[in-house]
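Shown next, in structure tokens, is the structure this report addresses.
Every read-out reported here was derived from the displayed coordinates using simple, explicitly stated rules and does not represent laboratory data. On a predicted model such as this, the values are computed, not experimentally measured, just so you know. We place every Cβ from the backbone using ideal geometry, glycine too, and count neighbours over all the protein chains shown.
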Amino acid sequence: MPIAPAPTTVREDEGAYRATDGAAGRPEWGDEPDGSLRLTIDGLWEQRLDELDDRGLSGTLEELQAGIDQLEVLRGRVIMAVRERRAAARAAAGRRELSERAQDREVREQLEERLGMSGPEAARVHRQSKALAELPGPIAAALRAGRIRPEQAQLIADAARQLKDHPECDTLLAELLEAAQTEDAVALGRRARRRIAELDPQEPDKQAERNRETRRASFRQDPDGSVRFSGQAWGVEAERLLTGIRAFTRPDTPDNPRNSGQRTADALDDLVAAALERGTAPTEHGIRPQLLILIPWQTLVEREGMAEGIHTGPLPFSEVSPLLDDCAIACCVLDRDGAPIETSEVSRTVPASLWRELVVRDRGCRWPKCDAPPGFCDAAHGPIAFRHGGPFTLDNTVLLCRHHHQRFDASDMTVRIAGDRVDFFLPDGTRFGSSAPRRPPGGRRGAEPGGSDGSVPGDGSGSGGPSTGASGGPDPPGVGS
Ligand SMILES: [Zn+2]
């Protein structure tokens, strides 16, 4: 359904835009009331940014943001007006009144169809519109004047709502409006929660109960094989979530710079892997949940082709091959239709005893300058690769973190292990770098730079320097059974 009001109630002079032909058409800028907004935007569009000095540029940016904030409020008002008008038209036509939820859904669908918004975006815009439409006068005025941002306005309105029957409500509102000039939304939110607790000690408990109702997390598989996730957590759960993610967030190594989203994604992956490795997750028929990857025999032998993840489907062999160095393998014979006929006993590629020896010798990733602790590491094949029948012995195995394991496997580099010394070589035989094992406090620590010039080729500009000490991490993964 188009978002334009029902034809019986629409008055041409009230539309900020007029609808084009039919439901599929996008709204276009109208001439009513005078197109001044369009003119302003056109003017800004014509503005030559290279003619502005730094102050002019940042001034324009601030002005634009204030304009966008105000437009968001206006959009919210239009959306709510449309919603009300549709309800009125329904009533006038003698039709049954829609429930609040049904009305919400109808508006969200219209935003998706009419304005081309995605589902989550439509939900967010609609939620915001509802909140902004009900703003108390002083907050709306501050927002209109560009003194506060919509996020802050919503937060102050929520605080005012929580304390609406309290004699100090107006005082709190004024204090928060004042603080909003200098504090961002997160700091303002903390201030509001503390002040509410002082004024009404019962309120935080009630709010926590309401918050609990809105906790959510969703993991959705996309057709392209990815998994999208989103969610919201409160209170102790939120605290635990951040503690877990931060504990697993490691600094970048010079050869692997990441943006913050990538860093958090890696931390989440390590957190989940550690949880699975600890074996505390509920078992399924006595077997603890682990990655289950199906690899056709030919792919395994030829080291190329596709494997199959139980949950996500096709995976290139190159991506799963690092897993083979440290996993449990079972042989499964399938019939012509792909149904299993027989499955062998499971055998581990890295026995628990070898893992312990590796942890004692390597203490973490042995890649030059990497300080990943054992919990982040795989037992990687050393001088003789898995594909050449390399055995899992102490002199043919080295601890590498997931990132460096993948990097090593994807390269044609070689490694030499002699006692507790590990040297990496480039394909042309030049030494890439070496690393000494990390020692307990008091002993030798950190990595030695490789090469006679003290630089590590390919490791960036030599920034970072040798690592000192292991960062905190999880216990070594439990290996075996
Ligand atoms: Zn590493």
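For the reader, a short list of remarks on this structure follows.
- Peptides 106-114, 203-211, 264-272 ranked from most to least packed give 106-114, 264-272, 203-211, packing being the mean of other C-beta atoms within 10 angstrom over each peptide's residues.
- Each of C401, C327, C377, C332 was scored by other Cβ atoms within 10 Å of its Cβ. Listed from fewest to most, they are C332, C327, C401, C377.
- Potential extension, L241-A328 segment - 0.36 nm per residue separation minus Cα distance: 28.3 nm
- Taking amide H as placed 1.01 Å from N in the peptide plane, the amide H of C401 sits under 5 Å from that of C365, R366, W367, D378, each at least 5 places away or on another chain.
- Relative contact order for the range 217-278: 23 percent, from Cα pairs under 8 Å spaced at least 6 residues apart, divided by residue count.
- Placed amide H near V422: partners under 5 Å, 5+ positions off or other chain: S435
- Local electrostatic count, A328, Cβ distance below 13 Å [Lys/Arg +1, Asp/Glu -1]: -2
- Ranked list, fewest to most other Cβ atoms within 10 Å of each Cβ, for D409, D53: D53, D409
- Average silhouette area of the range 217-278, convex hull of alpha-carbon atoms, in square nanometres: 5.6 nm²
- The 3J(HN,Hα) values that the Karplus relation (6.51, -1.76, 1.60; θ = phi - 60°) gives for the range 226-235 are, in residue order, 7, 10, 9, 9, 7, x, 8, 10, 10, x Hz. Gly and Pro appear as x.
- Each Lys or Arg adds one and each Asp or Glu takes one away; over the other residues whose Cβ falls under 14 Å from the Cβ of Q128, this sums to +1.
- Each part gets one Cα centre, and for the range 287-353 versus the range 107-170 those centres are 51 Å apart.
- Remark: I156, I41, I148 ranked as I41, I148, I156, counting other beta-carbon atoms within 10 Å and listing the fewest first.
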